[in-house]
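In what follows, a single structure is set out as structure tokens and then discussed.
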Amino acid sequence: PIEMEEAAWTLGCTRWQAFRKVILPLALPGIAASAVFAFTISWNEVFAAAVLTIENRTLTAFLLQSLGESPLYLKFAGGAALVVPALIFIFAVRKYLFAMWGIANR
């Protein structure tokens, strides 16, 4: 809110200090949530290309088809393995996510 930024200015902060000390801490939970969604969507694109595309439209589908046809259950097992980096990323930014949900320092 502009009132918080103005309050920081009246306390002697410059624009950069107000951004760094007031605005950025308020925005970090939203940025962290957006980063989690963006990372998960882009990471799972490999699995979607492998399972959903039949033609060679994407590079990932071409690479998977060039390695030979694999059974569908192996593709689903690979998709389950794709969740692991997303979970690691979520645990890395959990401090900011918990701050957004109001359960920080628990």
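Let's test the formula: R0 of 41 Å, r as the Cβ-Cβ distance of residue 41 and residue 6. What FRET efficiency results, to the nearest 0.05? Intermediate results must be reported in sequence, preceding the final value.
On the way: r = 37 Å, r/R0 = 0.90.
With R0 = 41 Å, the Cβ-Cβ based efficiency is 0.65.
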Where in region 1-23 is the amide nitrogen less than 11 Å from a point lying 7 Å along the Cα-to-Cβ axis of residue 99?
21-23
Spin-label point model (7 Å from Cα, Cβ direction): what's the residue 13 to residue 86 distance in nm?
3.5
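Quick note: the coordinates plus some simple rules give every number you see, no bench work behind them. Keep in mind that this is a model prediction, so the values were computed, not measured. Cβ sites come from the backbone with ideal geometry, for glycine too, and all protein chains shown count toward neighbours.
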